[in-house]
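Nothing in this text is a laboratory measurement; each read-out follows from the coordinates by a stated rule. If you're wondering where the values come from, they're calculated on a predicted model, not measured in any experiment. Positions of Cβ are generated from backbone atoms using ideal geometry, with glycine treated the same way; all protein chains shown enter the neighbour counts.
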Amino acid sequence: MALDRTTPNDLRAFWMPFTANRQFKQAPRMMVAAEGMFYTTSDGRQVLDGTAGLWCCNAGHARPKIVEAIQKQAAELDYAPAFQMGHPKAFELANRLVDLAPEGIDHAFFVNSGSEAVETALKIAIAYQRATGNASRTRLIGRERGYHGVNFGGISVGGIVNNRRHFGAMLAGVDHLPHTHIPQNQWTKGQPEHGANLADELERIVALHGPDTIAAVIVEPVAGSTGVLIPPKGYLQRLREITRKHGILLIFDEVITGFGRLGSAFGAQHFDVTPDMITCAKGLTNGVIPMGAVLTSAEIHDAFMTGPEHMIELFHGYTYSGNPIASAAGLATLETYREEALFERCAEIAPYWEEAVHSLKGHRHVIDIRNMGLIGAIELEPIPGAPTQRAFSAFLKAYEKGVLIRTTGDIIAMSPPLIIEKAHIDQLIGTLADVLESLD
Ligand code: PXG
C-alpha cells in the first residue's frame, strides 16, 4: 500500500491537544504509519516507540488480530444503541475484563476514555454512598501530583496545578493527600523504602472533615503523568486499611498501570491490594479505538439493583458506551495479550529494563531515575529560569535520532510496548545517553 508521506499544506484549523501548537506547526512531526515497535514518519524515517503511543499501545502497532476484528465488526454491526439495547460483544468483553481483574471485582461499566472512567467512578462512589444510607458522604479525596484526566471531576481530585488553575472553581468538597515523591528515595530501583507513613495523612483528613462526609479516595497505583512516582513499600496497603476502617471507597485509577504495564493485569494484583473500583482505558483496546471502563465490586453494583425492575438504576452513560467496534477491538486486544503472554513478558524483561534505565545515572543533567515494570523516568535538572525547556529539547533531539519519548516538566518518561526486545531497549537507552550528552 502506498503511504501518503506528505504534510498537509495548511495546519491552521486543527487546534492540537496538550501541544505547543505554534512550535509544532513551524516544524511538524507527522506519523504516517506504524508496525510493531516502530512508527514511520512523513519524511520516511523509522522511529522507535518508547512510549507505546501515549502509554496505550501495549501490544505494539498494527497487530493483525485487532486490525481484523475491527474491520469485521465494522461490516457486521457498526453501531447499536447503548441504552436499553445490547449487543453480544460488550457483554463478552465485560466478562473477560472481570476475569482479568482481582477477585472481588465483578462488574464493568463502559466509557470512552480514561477521563470519562474517572468521572463515572466518582459519580458511582457518591451515588453508592447515597444508595446505602450515607448521603452525607459526598467528599472526594485525591492526591497531589495525581492525574485523573481532564474533565471537571478529574482535575478537581487531580493534583496538577496547570490542569486546574485556568478553569475556575472546580468541584466543591475535594481534598488532597500529599504526594509520595520524597528526596530520601532518590535513585531507587523499583519500590522505594521510605514514605508509607504518608498514607497516614488520610487519617488527618478524615479527622478534619469527619469520616461520614467522605465518599471515596482516588489514587493512581503508580502516578504516571507527573513523572512516574512509585508508591513506597506498604503505602497502598495502608491506604486500603484506612479507607476500609472508615467506610470510604478506594478507587485505583489504572488507566496507565492496567493491562500489563507492571507485569500483571492490573496494578492491584502487582501490589496485592484490591480497591473497590478500578478505572481503565488506553491498553484496553491497545489504544486503537477509544474505550474505557470502570470495574466495580459486586457490593457496589448490587447496591443499585433495588427498586422497581422497569426503572433505570444508574442515570449515567454515554452514546458510545460499549460501542461494538470498540468492544471487538477490546476482545481482540485481550486475546493478543493472552496468546503472546505479554503481561508475563513485561515481568520477564523488567529487570533488564531496570538496569538499562538506571545506566543513565551519571549522564549530564540527570538528577534522579525511577522505574517499575516497563516504565522508566529520567529526571533532569531544570535550566534556571526556563523550566521544561531542557526536557523538551531532549524530546526533539531524540525524535531526530529516531526514538520517541515523552516529557512532563523536566522529566523524561518512557513506557514502551510490552513486545519490546532487548535490542530495542539498547537502542532507546543508547540514543538517550547520546541525547543527554548533547543537551545545553
Ligand atoms: N487517569 C490516568 C491515570 C491517566 O494517566 C487519564 C486518567 C485520562 O485518560 P484519557 O483517555 O481521558 O486521556 C490518564 C491519561 C502522559 C500522558 O504522557 C498521560 C495520559 C494521557 C496522555 C498523555 O503522561 N494519561
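Below are the figures for this structure:
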read-out: Reachable lysines from Lys65, criterion Cα separation under 26 angstrom, eight or more residues apart if same chain; value: Lys89, Lys282, Lys422
read-out: Highest-fluctuation residue, Gly373, Gly44, Gly263 considered, GNM on the chain with Cα pairs under 10 Å; value: Gly44
read-out: Distance between the range 393-440 and the range 86-152 - C-alpha centres, whole angstrom; value: 34
read-out: Only Lys, Arg (+1) and Asp, Glu (-1) charged, at Cβ; the chain dipole about Cα centre in debye; value: 1000
read-out: FRET efficiency for Ile312 and Ala169, using Cβ-Cβ distance with R0 set to 41 Å, rounded to 0.05; value: 0.85
read-out: Residue order, fewest to most surrounding Cβ atoms within 10 angstrom, among Ser438, Ser327, Ser225, Ser393; value: Ser438, Ser393, Ser225, Ser327
read-out: Kirkwood Rh and Cα Rg combined as Rg/Rh, the range 167-316; value: 0.99
read-out: Share of alpha-carbon pairs per 10 Å distance bin for the range 245-336, given as whole %; value: 15, 38, 34, 12, 1
read-out: Size of electric dipole in the range 15-88: Cβ of Lys, Arg +1 and of Asp, Glu -1, about Cα centre, debye, nearest 20; value: 300
read-out: The chain: antiparallel DSSP beta bridges as a percent of all, rounded to 5; value: 65
read-out: 25 °C / 0.890 mPa s Stokes-Einstein diffusion coefficient of the range 76-128, Kirkwood radius on C-alpha pairs, µm²/s; value: 191
read-out: Ascending count of other beta-carbon atoms within 10 Å, so fewest first, for Glu254, Glu203, Glu437; value: Glu437, Glu203, Glu254
read-out: Globularity ratio of the range 128-233, using Cα Rg and 2.2 N^0.38 Å; value: 1.14
read-out: Range of Cα positions in the chain per principal axis (Å), largest first; value: 64, 56, 44
